[in-house]
1. Modelled label-to-label distance, A:Ala381 and B:Gln282, 7 Å Cα→beta-carbon offset: nm?
2. Would you compute, from DSSP H runs of 4+ residues alone, the mean residue ellipticity of chain B at 222 nm, taking -39500 (n - 2.57) per run and dividing by the full residue count, rounded to the nearest 500?
3. With charges set only on the Cβ (+1 for Lys and Arg, -1 for Asp and Glu), what does the dipole of chain A come to about its Cα centre, in debye to the nearest 20?
4. Rounding to the nearest 10 and keeping the result within 0 to 90°, find how far the Cα-based axis of helix B:122-134 lies from the longest principal axis of chain B.
5. How far is helix B:263-291 tilted off the main Cα axis of chain B, in degrees rounded to 10, range 0 to 90?
6. Once every Cα of the stretch B:37-89 carries one equal point scatterer and solvent is ignored, give the base-10 log of I(q)/I(0) from the Debye formula at q = 0.28 Å⁻¹, two decimals.
7. How far apart, in nm, are the 7 Å Cα→Cβ label points at B:Asp188 and A:Thr20?
8. Find the all-direction average of the projected area of the Cα convex hull for the stretch B:70-137, expressing the result in square nanometres with one decimal place.
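The values are calculated or read from the model by the stated rules, or taken from the named source; none is laboratory data. This structure is a prediction, so every number in the text was calculated from the model and none was measured. Every residue, glycine among them, receives a Cβ derived from its backbone with ideal geometry; neighbour counts consider all protein chains shown. What goes into the accessible areas is simple: the full protein's heavy atoms, side chains included, and nothing from ligands, DNA or RNA. Shrake-Rupley method; radii C 1.70, N 1.55, O 1.52, S 1.80 Å.
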Amino acid sequence: MNEVKFNSIQFLVFFPVVTTLFFILPHRWRWILLLGASYLFYMSWKPEYIIVLLAMTAIGYLAGPRLAPDTHPAMRRLLLLFSLSVILGLLFFFKESDWSNRVLPTVLGQLGAPYFLSGIHLGLPLGISFFTLQTMSYIIDVYRGVARPEKHAGIYALFIAFFPHLTAGPIARTNLLLPQFYESHEPDYEKIVTGLQRMAWGFFKKLVIADRLALLVNMVYAKPTAYTGLVLILATYAFAFQIYCDFSGYADIAIGAARVMGFQLQENFQQPYYAQSIVDFWRRWHISLYTWLRDYIFYPITRALYRSRINSKSSLILIIPPMATMLASGLWHGTHWTFIIWGALHGLFMVISVAWSKHNGGLRKPFTLPGWMATGLKIFATFNLVCFAWIFFRANSLSDAVYIVGHLFVNSEIPSALFDIVPGGWYEWMIVLLALLLMEAVDWMREKNGSLRTLIRRQPVWLRWSVYYGLVMVIFMFGKFEANEFIYSRF
Amino acid sequence: MQKFITKALSFIIGITILFNLSGTLADRVAPLDDWRTAQQDRMANLQAKRDRIEAITMGNSHSDAIDYSVLGIEGQSLAFAAADLFEIERYAASLENKLPQLKTVFIAISYYSFTRDNAKFEPFRTRRVQFYSMVPTWFPIQKDLSNFLLGKLEATTHIMSVVRSDSWQGVWTELANDSPTPDPFPYDGVRTDSVWGDCAHYTEEQLETHAKEIALRNVSSSRQMADAHPGLVQDASDALVRTIERFQSRGIRVILFTPTYYQKYNVFFAEKGSDIIEDMQQTIYKLQQSYQVEYYDFSGDSEITIHPELFYNSDHLGECGRKLFTEKLLGAMIAHGDFEK
């Protein structure tokens, strides 16, 4: 079977067919269609990994009713711990497939037990990190009594596997998405049009910007020791925009595709590079993960600390919750040191940021900057801190990351052949710069509570359609159509 | 909903027109491939002469080695640049019952024919898409739905001319240029008046440089395709068997041949890809045993391989070389048996 990725030609057939059938079918049959389509979407990658998705679905579905508040409290706690352990164990088992492939047969062999997966080389199931968090969120919400256990196995399976968000989020929360599968969604002109616009914008970000920037980033980060100074800085800035356009592009396509069918998914990005502090950055970046971590790690740890004997003014309360949350975020991406340091850096920046804002009021300011300049400086500083942390996130190894950090400002003269570093030279640079300017202009409008969509809607029909045609032409003329993976589908 | 459908259809029609206009403009101003025009001409020729054609040549550009004026029969080359055996199978299927007089099919076998799957190698994938757009086939090659869909989309929308590998740089450059457009595919060889006639060819030095580069490129791309497609040799061989069976079942004679390459090309290819050549020879041997298929190997023919005048470039015979090669092939076929000129 051919893999159905958002940026594949198969999706251009798959999506209209599924959407058309969705609207044709009576409401009571729609969940079957969406579930079948979602499983087909997933199996088009590697059919055998559907077992993992089904296992995760079964755990959540079976645990749900037994976790409801009317069950015996000790049993509930035990079941909660057991189901979360199994889910996290599965996640670890597949995330650390190298370890699993190497160590597990030996351990089982020594115990005299047969290795049930002999001959099968384990890989990372697509989107496992996302549907794991979603299952955990459901289980914890049911345990806390915040959500009701879902009785309909099909609807629950669809909640986990709904194809727009299956491989790279946004991580759906139980109370937001589950009830929507019971609602009857009729074709809505407004939703269809805005959904398609959102998808087109996502394709623009992915195909025109992210995949073009990937040329430079991949080349430099594959062998960073061949470069110094400005090239390393440029590649790091390029990665910052690559990952933003890649991931938010995916989110735009996912949210747009769901909206066409009448569903609402959680927003995942809100102009993150306009953040004025690291805390602010995390309110705008991968929002569905951050809110998950906040609700299930940050708040519980903070509450636990307040309940413990620690003095409420103790700096531990300031340090432990953000550090633990951000380390968990790093670990969620992978157990490599690069991800852990990336998470730790964000935790550290957060602690400093919160401490600074707490104590800043007491400091005497030697001078006051005009508001726009202060805002600009904060944005600039935050962006650069985020970029610094991206070095660890993107580097192939810790030694590569250390080399890059150590050589960012070594030999910072502009290489004469800078334009020729990527195939296509200055022309490719020009396209990417213009595309970035366009994207930034749109982000800026949103930041100022404006909306390009509203602005376009006010224009006469010929101008509106020219913009739509223009966007489609730009995507096809300047997009990179090599069906490159979305970065976050690896997690 | 009706409002949406009306607007969506209008939008699709508009974008199709826009794609066709801009794609045609791009192809005229700065064409990316020369072989597409040649291919379109061949297909038009095939259509015009379909009731008279007795022989066809199939395969990649190496199959252009046959000169039908020497064979003295009504024939048509359907060589498709860089075609692999999967594409040849599809092409053959699309010709079913369309050529009533067809008696002989020549299929060129290159060293790398059994280690080639264009869908698995990005720089050649566009060839596969173009193949689908030009050939009237309505079934994709196995596991190749995406390229098939793109190809069929291209046939109606010209989408591949809009999605250019140079991101339109060539078009803007040409449009901004006041001077007349130079030939995008200049042939920098020489012409020599030789015993074989007036022959266009590369010089010895050019041939050696070309041989080194193209042999390396062919070996390297074959290896990448084989890595990306486990069991490629077997699958390609199966595709060829199906093609042979398809023709033989209709009483059509299938002749496999390897044209002559310039000596340096043979040397460089053997240096880097002797295993690829061995795979090819073993596969052909098995086919000969199982299907009694005729195969003529002229790859190192001593009367051709050493003469630069006979080669357009190191792995393609020139006009003079094609004539001589076809004469030798004809001689071999007559010696083998029942070929009537």
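1. Modelled inter-label distance: 6.8 nm.
2. -17500 deg cm²/dmol
3. 1480 debye
4. Rounded to the nearest ten degrees, it is 80.
5. For B:263-291 against chain B, the angle is about 80 degrees.
6. Relative scattering, expressed as log10 I(q)/I(0), comes to -1.19.
7. The two pseudo-label positions are separated by 5.2 nm.
8. Details: hull surface 21.8 nm².
Answer in nm², one decimal: 5.4.
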